[in-house]
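Undergrad: Once you've had a glance at the structure underneath, I'll fire off some questions.
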Amino acid sequence: MSVASKRVLFPSRENEGTQSDPAAIRQTICDRLRVVSEMVGSVSAFADEVGVNRTQLSRYLNGQSIPRPEFLVRVSSVYNLPLNWLMVPHEDPDVSLSEHQLSGDLHRMFARRHFQLNENLLPSGLYMFWKGLFQQPGRYEGYMASVKLNNGVAKVRTIMIKNLRRYGILEKSDPIDHVCLGVGVKSHSGINISFSDSVANVMATSFLLPASPLRFRSNDTYSGFMSLSYTPGRDQLNWVPCVMELLPANVSDVLAAARRSGVYDKGELPEEIQHQIDTLDIPQYGLR
């Protein structure tokens with residue numbers, strides 16, 4: 001088998017940052033093909049549908065030999081299965097299939113769209129993330145966030161989950177879960193960031209636009225709204241204003257921003273953030 005074929009067959013696992021063990025992938029391929037065989041109903045029918053000799057397919061199912069990449073592509077195409085699901089080890093195959101299916105569907109949804117961000121649209125760096133409180137209308141919070149662009153997609157990390165637990169939306173607070181992950185892409189002239197807490201599947205979405213040239217200081221700001229996919233309690237909201245403020249690459253400014261993290265009344269917010277919020281017209285919706 002060529003080096004190129006091995007590179008396709010044994011992909012690296014991005015979530016671990018290391019290359020997967022070839023033996024583990026070989027076993028995974030064997031296990032997943034057995035799942036497909038059970039789904040089809042018989043080895044003979046499976047062999048006929050993918051156009052392979054039954055004896056050869058049996059060798060794949062028993063782990064006696066490993067299929068070529070083009071065979072896996074054929075299985076993926078015939079049964080509409082994510083290709084990575086056939087190869088990438090996972091503790092729970094059913095969850096893995098769902099995750100890879102979502103990945104594949106998102107790929108098809110964004111294919112040939114101009115969704116890529118660049119450093120001019122949303123620079124990588126540290127930000128202060130200011131937003132209204134879903135649970136306390138009229139109050140606001142600020143916390144640190146980091147943005148890193150890779151191949152036109154922004155990875156956003158915040159401590160939003162900490163405050164969701166603080167206000168009773170989530171229970172069993174654990175410091176390791178106090179980071180909320182987001183993925184940002186360009187949406188027409190703005191920036192769309194989708195967040196998930198990764199524990200209870202509480203999802204939020206922000207849509208931001210670069211602020212107007214009128215600023216109180218030189219920091220770049222991006223203002224818009226955030227919507228929370230959650231059934232709120234009485235007098236709670238699903239939509240709040242939010243502002244992302246890019247911090248200078250300066251240790252003292254970053255430390256000062258970290259000390260500002262907390263919950264505020266509107267009049268206690270920095271003047272330039274109040275100004276940005278005043279320019280926003282956010283619908284006050286509490287979906288029930």
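The values are calculated or read from the model by the stated rules, or taken from the named source; none is laboratory data. In this text, all values refer to a predicted model and were calculated from it rather than measured experimentally. Counting neighbours? That spans all protein chains shown, and the Cβs are built from the backbone with ideal geometry, glycine included.
Undergrad: Would segment 29-39 turn up any residue that is modelled with pLDDT of 85 or more and in contact with a Gly (Cβ under 6 Å, 6 or more places away or on another chain)?
TA: Within segment 29-39, one or more residues are modelled with pLDDT of 85 or more and in contact with a Gly (Cβ under 6 Å, 6 or more places away or on another chain).
Undergrad: Any chance you could count how many residues in segment 125-146 are in contact with a Phe, Trp or Tyr (Cβ under 6 Å, 6 or more places away or on another chain), closer than 14 Å to Met226 by Cα and of a type outside the set (A, V, I, L, M, F, W, C)?
TA: Within segment 125-146, residues that are in contact with a Phe, Trp or Tyr (Cβ under 6 Å, 6 or more places away or on another chain), closer than 14 Å to Met226 by Cα and of a type outside the set (A, V, I, L, M, F, W, C) number 4.
Undergrad: Does any residue of segment 59-70 turn out to be crowded, with 19+ Cβ neighbours inside 10 Å, free of Cβ contacts under 8 Å to residues at least 24 places away in the same chain and either more than 26 Å from the chain's Cα centre (by Cα) or not in a helix (DSSP H, G or I) (or both)?
TA: no
Undergrad: What about Glu49, is it of a type in the set (D, E, K, R), touching a helix residue (DSSP H, G or I) at 6+ places or on another chain (Cβ under 7 Å), assigned to a strand (DSSP E or B) and at pLDDT 85 or above?
TA: Working: of a type in the set (D, E, K, R): yes; touching a helix residue (DSSP H, G or I) at 6+ places or on another chain (Cβ under 7 Å): yes; assigned to a strand (DSSP E or B): no; at pLDDT 85 or above: yes.
Here the answer is no, as Glu49 does not meet what is asked.
Undergrad: I'm trying to understand the selection: among the residues of segment 188-203, which are out of contact with any Leu (no Cβ under 9 Å at 6 or more places or on another chain) and modelled with pLDDT under 90? Full working, then the answer.
TA: Step one: filter segment 188-203 for residues out of contact with any Leu (no Cβ under 9 Å at 6 or more places or on another chain), giving 188, 194, 201.
Correct list: His188, Asn201.
Undergrad: Note down all Cβ pairs under 6 Å where the first residue falls in segment 204-232 and is within 17 Å of Pro270 (Cα to Cα) and at pLDDT below 85, the second is assigned to a strand (DSSP E or B) and of a type in the set (Gly, Ala, Ser), and they're at least six residues apart or on different chains.
TA: Sorted first by the residue in segment 204-232, then by its partner, the pairs are Ala211/Ser223.
Undergrad: Does Ile282 satisfy the criteria of being among the aliphatic types (A, V, I, L, M), more than 26 Å from the chain's Cα centre (by Cα), surrounded by 15 or more Cβ atoms within 10 Å (Cβ to Cβ) and at pLDDT 75 or above?
TA: Working: among the aliphatic types (A, V, I, L, M): yes; more than 26 Å from the chain's Cα centre (by Cα): no; surrounded by 15 or more Cβ atoms within 10 Å (Cβ to Cβ): yes; at pLDDT 75 or above: yes.
When the stated conditions are applied, Ile282 does not pass them.
Undergrad: Consider Tyr264 carefully, then state whether it is at pLDDT 80 or above and either of a type outside the set (Lys, Arg) or out of contact with any Gly (no Cβ under 9 Å at 6 or more places or on another chain) (or both). Show your work before the answer.
TA: On the way: at pLDDT 80 or above: yes; either of a type outside the set (Lys, Arg) or out of contact with any Gly (no Cβ under 9 Å at 6 or more places or on another chain) (or both): yes.
Yes: the conditions hold for Tyr264.
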